[in-house]
Each structure stands twice: as C-alpha cells, then as structure tokens.
Amino acid sequence: MLKVGIIGATGYAGNELFRLLQFHREVTIDWLYSRTENGTYSSDYRNFFDVCDLDLTNGELSDLIKKEDVVFSAAPQGFLSKLLTEDILRDTKIIDLSADYRLKNVKTYEEWYKLEHGSPELLKDAVYGLSEIYRDEIRSTRLLANPGCYTTCSILTAWPLVKEHLIETDTLVINALSGVSGAGRGAKKDNLFCELNENAHAYGVTVHRHTPEIEEQLSIAGGSEIRLNFTPHIVPMNRGILVTAIANVKSGIDKETIKSAYEKYYGSEHFIRLLPEGKNPETRFVEGSNYVDIGFVLDQRTGRVVMMGALDNLVKGAAGQAVQNMNLMFGFDESEGINQIPMVP
C-alpha cells in the first residue's frame, strides 16, 4: 500500500482529497496536517463522522514528509516553496495543489502572486500536471505542480484548436464562472451569503493571477507567445467552473475541422467528454466527478468559434486531478479512486 500524507487537510481541496482517497484501493493515509486546526478530523468535517477518526497533526513537517511515499500539499501559495528541499524530494514524491511550481519563470510567479519564491532551484524539476497533456512526463516526475480549476478548464477547452493552429490566438478571450468553493474556506466578507446570493460579478479583471499560467501553457501548445484576456466571475453555487472562450477562426476552417481537432486530442480520453452538437457544457452534469465536458459552436456569421468547458473545481480542478496524477506517477490505473459518476441533482 502507498503511504500518503495530506498537508492542508482542512481546506476544501484537502477535504476533497481525503474523501476521494477513501475510494482508492492502493493507498493508506498516515496523517492529515493542519496549521490552524486541532483534534479529530470528523469534528471539523462531520461528513467523516463514524467513517474516519484520524486526528489532525501539526508536528514537524519535514520529518513527517520523509516517512511517506507521496505527500499532497493543499496549503496556500508560498507555503510549500519555503518548506521543500532537494533532500525531501530524494525520499518522497510531492503533489502540490498551489501555484508554487506551476510557472517556470520565477519572476512571473513573484510578480503575479506578490510572494518571494522559497525554492526557485526546484522549478526545473516540476512537471505541470495537466494529466491529458503531459501524461508521459508526469509518470517520471517527483514534483508535480497540479493545475487549478480555472486553468485546467480554460487550457483543456482551447488546447486542440491552439495546437492545430485553427484560431487567431491574438483574438482569444476567455471568460469563466466559478462556484464559491473556488475561493477557499477562509472567512471573507465578499463570500458571505448576503453578498453572493442572487448576485454574480466579475473580479480580478485583467489582473487575475491564473492569467500567466493559461498564457504559458497555450503558448507551449501554439509554439509562440500568446497574450489573452481572462475574466473570472463568481456565481452563487457551491461547485463548478464554466469556461467560454471565443476566438476568430482562420480562413477556410469549418465545423468538421474543429470537431476533428477535438477528437484527435480527446477522443480516447476517459475523463474528457466531447458533447454532441446542440449540447453545451453545464456544471450540474460534472458535479462531484473528475470529468470535463467540452463543446463548441462555430459562428459562420462572425467567423468566430465559441469553445465551452465545464468541470467541478474541487475534483478535476483540484483534488481529482491530483489523484489522477498520483495514479500516473505510481503506475496505477488512471481512474482508480476517481471514477465517480457526476451527482444530479
């Protein structure tokens, strides 16, 4: 059995990791670490009442990590980079759900996150954990930078058309809607019920910190630098990401060419579902699952394609993809522990 530890277990992503790993037949969870909470895990998350009575620990992390085969870190940005060392990576594989190792340029990270990176020398070892795109690299890494929810949905939705040079990338605009759990579990005035209920609003307009991550990955896909507008919105639902990406198509590109591009990259992917014509992605049909639903509409009148994607921000956008990446890293079946059918309603 694979020995596992979870840092940041009391956040939403950490809790989802713990929940999903209960279904995994190849792991045993040794400890759950929290900087802010104490006591039995089920006293904080009563969904685990009479299911799991592990106590939270806040012991010496460096010692705890070295005892495990793999450690998931669901701590905020800046935490792991100040803890992780080459010595730790010699003993344990790390899957980081923060942004600390996602961007290859440390200056870009420090500019957008307003943090000093604690271990920039390890960036060269990190593999970006978009499972369907970097599968081979993920299998051999010891440091996995797990993408976030906005980025996973945005990149996967646009990747085939960028990769196949079917769109004018300088016209690409991405808008995204997120459920409230994407903002984390911490108390914030803007996330109070009275602030969010019966309301929707854009935030981080032109400055959202996931923008350079989306640009970096789509630039890799297209083979040249891409700059785009990414605008996130918060909507009053618990879970879900819905992305709408719009771009001009190149001359001569028709609907069948676009459909073929999606099928080329995702036709055999278990966790990416390409929707039939006339069916657009909806967050309710991916909730609680590791699936991404993708569809598109070609607007002949304007010469633009509307690309759409939906996923559960806590599963495929965080914990589910992290487990999927762990499965790849240790040679398990890729869907082990995360093959749940979406919950409706």
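The values are calculated or read from the model by the stated rules, or taken from the named source; none is laboratory data. None of these values were measured; they are calculated from a predicted model. Using ideal geometry, Cβ is built from the backbone for each residue, glycine included, and neighbour counts are taken over all protein chains shown.
Assorted remarks:
- Identity of the residue in the range 23-58, part of a loop (DSSP other than H, G, I, E, B) and modelled with pLDDT of 95 or more, that ends up farthest from Gly288 (Cα to Cα): Glu26
- From the options Lys114, Lys107, residue that is modelled with pLDDT of 95 or more and at positive phi: Lys114
- Filter pass, Ala245 being in the same structural domain as Val180 (by TED's automatic domain parsing), over 30 Å from Val27 (Cβ atoms) and touching an Asp or Glu at 6+ places or on another chain (Cβ under 9 Å): no
- Of the residues making up the range 109-118, those that are assigned to a loop (DSSP other than H, G, I, E, B) and either touching a strand residue (DSSP E or B) at 6+ places or on another chain (Cβ under 9 Å) or not acidic (Asp, Glu) (or both) are Lys114, Leu115, His117, Gly118.
- Matching residues, the range 17-27, being within 12 Å of Cys52 (Cα to Cα) and either surrounded by fewer than 21 Cβ atoms within 10 Å (Cβ to Cβ) or outside the structural domain of Val323 (by TED's automatic domain parsing) (or both): Arg19, Gln22
- All of Ala261, Ala247 fail the test of being over 13 Å from Leu311 (Cα atoms) and in a helix (DSSP H, G or I), apart from Ala261.
- Only strands (runs of 3 or more DSSP E) whose full extent lies in the range 119-189 are considered here, and the ones with at least 3 residues that are in contact (Cβ under 8 Å) with a residue 60 or more places away in the chain are 173-178.
- Single residue of the range 290-325 satisfying the filter (small (Gly, Ala, Ser) and assigned to a strand (DSSP E or B)) that is nearest to Leu156 (Cα to Cα): Gly309
- Residue among Thr206, Thr231 that is surrounded by fewer than 21 Cβ atoms within 10 Å (Cβ to Cβ), of a type outside the set (Phe, Trp, Tyr) and in a loop (DSSP other than H, G, I, E, B): Thr206
- Tallying residues that are touching a strand residue (DSSP E or B) at 6+ places or on another chain (Cβ under 9 Å) and hydroxyl-bearing (Ser, Thr, Tyr) within the range 1-42 yields 6.
- Thr152 of a type in the set (Ser, Thr, Tyr) and more than 26 Å from Gly129 (Cβ to Cβ): no
- Only listed residue being among the β-branched types (Val, Ile, Thr) and closer than 24 Å to Gly129 by Cβ, chosen from Val305, Val344, Val292, Val297: Val292
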